[in-house]
Amino acid sequence: MSPPLLKLGAVLSTMAMISNWMSQTLPSLVGLNTTRLSTPDTLTQISPKEGWQVYSSAQDPDGRCICTVVAPEQNLCSRDAKSRQLRQLLEKVQNMSQSIEVLNLRTQRDFQYVLKMETQMKGLKAKFRQIEDDRKTLMTKHFQELKEKMDELLPLIPVLEQYKTDAKLITQFKEEIRNLSAVLTGIQEEIGAYDYEELHQRVLSLETRLRDCMKKLTCGKLMKITGPITVKTSGTRFGAWMTDPLASEKNNRVWYMDSYTNNKIVREYKSMADFVSGAESRTYNLPFKWAGTNHVVYNGSLYFNKYQSNIIIKYSFDMGRVLAQRSLEYAGFHNVYPYTWGGFSDIDLMADEIGLWAVYATNQNAGNIVISQLNQDTLEVTKSWSTGYPKRSAGESFMICGTLYVTNSHLTGAKVYYSYSTKTSTYEYTDIPFHNQYFHISMLDYNARDRALYAWNNGHQVLFNVTLFHIIKTEDDT
């Protein structure tokens with residue numbers, strides 16, 4: 001038992017002793033111990049003329065002492081010695097009763113306080129126990145999460161070390177460029193003060209070193225898609241727009257093909273700025289209508305699927321004529337194996353860092369996706385891979401570094417759900433979400449030069465940025 005409860009018990013015990021003493025001792029003090037009471041709760045009628053008597057001694061329901069005394073008439077014993085003694089005793093008893101009453105009130109108050117404190121202590125004990133349990137659980141959970149994150153980051157350590165080395169090289173390059181800029185500025189002020197050939201060689205050397213540094217970045221694995229950035233709003237719900245991934249840095253032409261069928265007009269813009277403003281530089285009238293929206297411009301030529309056929313057309317923009325055409329054997333066409341949105345999207349032509357590709361489906365592969373690498377000049381299939389992913393269940397697809405990435409829908413909530421590596425002939429299920437801002441995607445293609453995804457999003461031409469996990473080649477790699 002706690003100390004407050006022991007204290008309370010001592011007080012109650014003392015009160016009981018006082019009550020017992022008063023009930024047994026008081027009658028003997030005044031010589032009236034011959035009176036018998038039937039019970040402490042029974043009242044016996046006694047005449048006041050019979051003398052002093054203790055009428056009863058008991059406790060009320062709250063545990064307080066109650067003493068009842070019957071005194072004779074005043075004129076009988078007014079000068080009696082026992083009367084004076086009894087009055088004195090009664091005064092003492094009255095004082096004791098008042099003290100006991102005060103003590104009882106304090107005791108009751110302390111008892112309630114103790115009960116309240118005991119309840120609060122139990123509550124605090126339970127809370128501390130819960131906090132301790134929660135702390136252990138949270139510590140375990142947080143430790144596990146940190147461990148998983150560390151496991152994910154461990155492969156990046158050698159990559160980061162190489163990046164640190166490359167960062168130093170880049171810093172050196174910046175310093176050399178800064179020095180060359182200062183020298184060139186001086187030459188503008190005073191022609192002939194420096195050897196032009198020497199400066200030219202330094203520029204060429206710096207350019208070569210920069211290219212060697214960039215070559216260390218090999219093909220990467222898709223990790224994240226961010227955006228989109230809305231470039232322009234134009235055309236119908238369906239269409240395609242693109243740039244040439246093999247074009248030089250100065251060549252930033254944009255090509256625009258509205259609708260997925262019944263059209264032969266390709267619009268050309270000299271730059272992205274002209275495309276945004278609508279300043280066309282040239283218009284091409286193709287000899288055939290196209291099917292779908294999955295065309296690609298590669299090395300100055302347009303590759304598209306001829307309407308109502310599985311024939312691929314290569315059209316040169318510079319020459320203004322068809323350079324090659326070939327049937328893609330067994331490939332379904334005209335909405336036999338389209339993407340989820342339809343639109344004659346049976347044959348998807350695309351390009352990446354490795355080359356030119358065709359993605360389609362055949363009856364021989366049970367309507368599942370087939371990947372074929374094409375010769376860009378003759379359109380011959382050089383190699384094919386058969387996957388197990390149904391073409392009709394794919395929203396769109398694109399190639400990055402020889403790996404095909406497939407989305408699970410063309411609507412809101414779409415994500416990159418499946419990938420197939422042509423390097424290892426293996427597949428995996430992924431979970432890479434992206435924001436389908438305008439709710440309907442009818443074209444999604446990767447551009448290796450821009451490291452971006454070009455998309456036609458419900459009449460909006462948008463760009464998605466991609467994050468790739470790169471492996472950096474070192475001198476030790478063969």
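The values are calculated or read from the model by the stated rules, or taken from the named source; none is laboratory data. These numbers come from a predicted model, not from an experiment. So basically every Cβ, Gly included, is an ideal-geometry build from the backbone, and we count neighbours across all protein chains shown. For accessibility, only protein heavy atoms count, side chains too; no ligands or nucleic acids. Shrake-Rupley method; radii C 1.70, N 1.55, O 1.52, S 1.80 Å.
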Any residue on another chain or 5+ positions along whose placed amide H is under 5 Å from the amide H of residue 361 is listed here as 332, 370
Regression test value, accessible area per residue of region 292-386, probe 1.4 Å, units Å², expected 37 Å²
Zone reached by a paramagnetic label modelled 7 Å from residue 435 Cα along Cα→Cβ, restricted to region 230-258 with backbone N below 16 Å, covers 230-232
Taking 0.36 nm per residue of separation between residue 223 and residue 308 and subtracting their Cα-Cα distance, the length gained on full extension comes to 26.9 nm
Expressed to one decimal in nm², the mean projection of the alpha carbon convex hull of region 311-406 is 6.1 nm²
Sequence order, region 241-246: Karplus ³J(HN,Hα) from phi using 6.51 cos²θ - 1.76 cosθ + 1.60, θ = phi - 60°, Hz rounded, Gly and Pro as x, gives 8, 6, 10, 8, x, 9
Subtracting the Cα-Cα distance of residue 249 and residue 382 from 0.36 nm times their residue separation yields 44.9 nm
Surpassing 25 Å at the alpha-carbon level, of the pairs 264/423; 224/289; 391/415; 224/391; 289/391, are 264/423; 224/289
With x for Gly and Pro, the residue-by-residue ³J(HN,Hα) of region 309-321, computed from phi through the Karplus equation 6.51 cos²θ - 1.76 cosθ + 1.60 at θ = phi - 60° and given in whole Hz, is 7, 9, 8, 9, 10, 10, 10, 8, 5, 5, 8, x, 8
Mean separation of Cα contacts under 8 Å (at least 6 apart) over the residue count of region 221-468, i.e. the relative contact order in percent, is 21 percent
Quick calc, region 221-468, dipole around Cα centre from Cβ unit charges on Lys, Arg (+) and Asp, Glu (-), nearest 20 debye, gives 220 debye
Ranked output for segments 288-299, 251-262 by mean other Cβ atoms within 10 Å, highest leading, reads 288-299, 251-262
Amide H contacts under 5 Å for residue 461, restricted to residues at least 5 apart in sequence or on another chain and with H modeled in the peptide plane, are 231, 232, 233, 234
Taking protein heavy atoms only, a 1.4 Å probe, and rounding to whole percent, the accessible area of region 221-468 owed to carbon and sulfur comes out at 47 percent
Semi-axes (Å, rounded, descending) of the ellipsoid equivalent to region 243-312 per its C-alpha gyration tensor are 22, 14, 9
Residues whose built amide H sits under 5 Å from the amide H of residue 443, excluding neighbours closer than 5 in sequence, are 456
Mean accessible area per residue over region 234-284 (1.4 angstrom probe, all protein chains present, square angstrom) is 50 Å²
All alpha-carbon distances of region 221-468, grouped into 5 Å bins from 0, give the whole-percent distribution 1, 7, 15, 20, 23, 18, 11, 4, 1, 0
